[in-house]
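Colleague: Mind having a look at this structure? Questions to follow.
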Amino acid sequence: MPANKKENDSPTVTTVQFLTVAEVAAMMRVSKMTVYRLVHSGELPAVRVGKSFRVPEKAVHAYLESAYFDAG
């Protein structure tokens, strides 16, 4: 392993910003049920915390960027 390479270069859990389903819904301007459908279908990754879900903020931005299409 190179000296300048860390063992784990992936982001740590402390650097990931998690959002609640309500926060994601407000950000995307959709209902909470729509966010739950995206999570359950696997289109939007999430982690389960107790009975609720938390969605990484970067995953929301990535989903929105991939959802753009040219309507013209």
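Bear in mind these aren't lab numbers, they're just calculated from the coordinates by the rules spelled out. Nothing here was measured: the structure is a model prediction, and the numbers come from that model. We place every Cβ from the backbone using ideal geometry, glycine too, and count neighbours over all the protein chains shown.
Colleague: Pull up all non-local amide H partners of LEU44: gap of 5 or more, or a different chain, and H-to-H distance under 5 Å with H placed in the peptide plane.
Modeller: Counting only residues 5 or more places away or on other chains, the set is VAL39.
Colleague: Just grab the label-to-label distance for THR34 and VAL47, each label 7 Å out from Cα along the Cβ direction, in nm (one decimal).
Modeller: Spacing of the two 7 Å Cα→Cβ label points: 2.7 nm.
Colleague: How much net charge surrounds PHE18 when only other residues with a Cβ under 12 Å from its Cβ are counted (Lys, Arg +1; Asp, Glu -1)?
Modeller: Surrounding charge for PHE18 is +1.
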